[in-house]
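The values are calculated or read from the model by the stated rules, or taken from the named source; none is laboratory data. Treat the numbers as computed from the prediction; the structure is a model and nothing was measured. Quick reminder, even Gly has a Cβ in these numbers, built from the backbone with ideal geometry, and neighbours come from all protein chains shown. Accessible surface areas use protein heavy atoms only, side chains included; no ligands, DNA or RNA. Shrake-Rupley method; radii C 1.70, N 1.55, O 1.52, S 1.80 Å.
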Amino acid sequence: MQAGKPILYSYFRSSCSWRVRIALALKNIDYEMITINLIKDGGQQFSKEFQALNPMKQVPALKIDGITISQSNLSVLNQVGQENQLTWAQQVIASGFNALEQVLQSTAGKCCVGDEVSMADLCLVPQVANADRYKVDLSPYPTISRINKSLLALEAFQVSHPSRQPDTPPELRA
């Protein structure tokens, strides 16, 4: 029995969805994408149809051979509250980057761990994009910035970029 094509339920700006898109591109896995707008209509992830697929009501959700795998971090931002999101995100990202910059001094090559793309890199690039989005000063993180630039030159990171997704609003397209 031949397995069907995986289905990724995604939102263009979700960093968690981006990590899955990068992994699928790196592995050359052909997949179908169904976009779930986290803002429109109060959040399409709350629809009965999507909740039946993923009771967590989060993206990404990856359906492979009838099994749905999900993970997300938007719910944390929602708990912080709109008025506190910028400050909270800046503090959390800077704290993580301070620690990561130190670790990378002993592990980094072209990528976070040597010269081969690893899971650390799949997490790094979307988080640097979040840092840009939340106006975090990246100048204290030269190693993170160098690795991010190197990774963004790779095709898997380019094709999976939020600005190149089918649900990206025209004003945010590359």
(request) Tell me which residues, restricted to the stretch 50-69, are open to solvent by 50 Å² or more (accessible area, probe 1.4 Å) and not β-branched (Val, Ile, Thr). (result) Gln51, Ala52, Pro55, Met56, Lys57, Lys63, Asp65, Gly66
(message) Could you go through the stretch 26-43 and let me know if any residue there is closer than 16 Å to Ala129 by Cβ and surrounded by fewer than 18 Cβ atoms within 10 Å (Cβ to Cβ).
(response) no
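Here is a yes/no grid of residues against (1) buried (at least 17 other Cβ atoms within 10 Å of the Cβ); (2) in contact (Cβ under 8 Å) with a residue 60 or more places away in the chain:
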position	(1), (2)
Leu77	no, no
Ala89	yes, no
Ile93	yes, no
Leu100	yes, no
Leu122	yes, yes
Leu151	yes, no
Glu155	no, yes
Arg164	no, no
(request) Output the residues belonging to the stretch 154-174 that are out of contact with any helix residue (DSSP H, G or I) (no Cβ under 9 Å at 6 or more places or on another chain) and among the charged types (D, E, K, R). (result) Asp167, Glu171
(message) Being within 16 Å of Ser145 (Cβ to Cβ) and not in a loop (DSSP other than H, G, I, E, B) is the filter here; which residues of the stretch 108-118 pass it?
(response) Ala108
(request) Select, from Ala131, Ala89, the only residue that is assigned to a helix (DSSP H, G or I) and modelled with pLDDT of 95 or more. (result) Ala131
(message) Just the residues that are crowded, with 16+ Cβ neighbours inside 10 Å and among the charged types (D, E, K, R), please, taken from the stretch 1-25.
(response) Arg13, Arg19, Arg21
(request) Scan the stretch 5-29 for residues that are over 8 Å from the mean Cα position of the chain (by Cα), closer than 18 Å to Leu124 by Cα and of a type in the set (A, V, I, L, M) and jot them down. (result) Ile22, Ala23, Leu24, Ala25, Leu26
(message) Within the stretch 111-120, does at least one residue satisfy the condition of being of a type in the set (A, V, I, L, M, F, W, C), crowded, with 20+ Cβ neighbours inside 10 Å and farther than 25 Å from Tyr11 by Cα?
(response) yes
(message) Six or more apart or on different chains, Cβ atoms under 8 Å: show the pairs whose first residue is in the stretch 60-75 and over 17 Å from Asn130 (Cα atoms) and β-branched (Val, Ile, Thr) and whose second is modelled with pLDDT under 85 and part of a loop (DSSP other than H, G, I, E, B).
(response) Ile64/Ala3
(request) Would you point out which residue out of Ser106, Ser47, Ser145 is surrounded by 11 or more Cβ atoms within 10 Å (Cβ to Cβ), modelled with pLDDT of 95 or more and over 21 Å from Arg19 (Cα atoms)? (result) Ser47
